[in-house]
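The numbers here are math on the coordinates, done by the rules we state, and not lab data. Computed from a predicted structure; not experimentally measured. Here the Cβ positions follow ideal geometry from the backbone for every residue, glycine too, while neighbour counts run over all protein chains shown.
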Amino acid sequence: MKPLRALALPALGAALLSLPLMSVAQERDPDSGLIKAEGWQMTKANCTVCHSAKLVTQNSGSRNHWESLIRWMQETQGLWEFQPEMENVILDYLAENYGPQEDSRRPALPRALMPDNPYPTSADPG
Ligand code: HEC
């Protein structure tokens, strides 16, 4: 019992100590709420002119998703054209910091709630 306890406490202490470090890793701009990572200033300068940054921070998706949103705003909402390098910085920032959310799909239904599989499988013959 004793040797185990002696190991468990320092391990717990180390885990607790690392918590504040993890939250510092994602510092946010107090004004816009944007995550302060490479490209955030350029994103703030271009993406908070017409609407709140919340519209940006509440959205998420792949680089393609962000690119199609930008095209949509350019075609229908009066968003200006970007220099390609500038657009790359913004798209990299968005895809990196507001990328696809892993838990945005609902979990699979349990097998018992699924309709019968009409195709025989090795796990479920016939
Ligand atoms: C020229 C004005 C303008 C600028 C600049 C602008 N947007 Fe928008 N954006 C709009 C308008 C208008 C809407 C629609 C707002 C609404 O539905 O209330 C919108 C909507 C959005 C939405 C929500 C889309 C949805 O599915 O509801 C997101 C996300 C977004 N913009 C991101 C951005 C990003 C990222 C940038 C910077 C690259 C940006 N916007 C810059 C005008 C702009």
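Sorted by average packing, counted as other Cβ atoms within 10 angstrom per residue and highest first, what order do 58-68, 73-83, 32-42, 112-122 take?
Per-residue mean Cβ counts within 10 Å order the peptides as 32-42, 58-68, 73-83, 112-122.
Name the residue from Met42, Gln74, Pro30 whose Cα lies farthest towards the positive end of the charge dipole of the stretch 24-126, charges +1 on Cβ of Lys and Arg and -1 on Cβ of Asp and Glu.
Toward the positive end, the furthest listed residue is Pro30.
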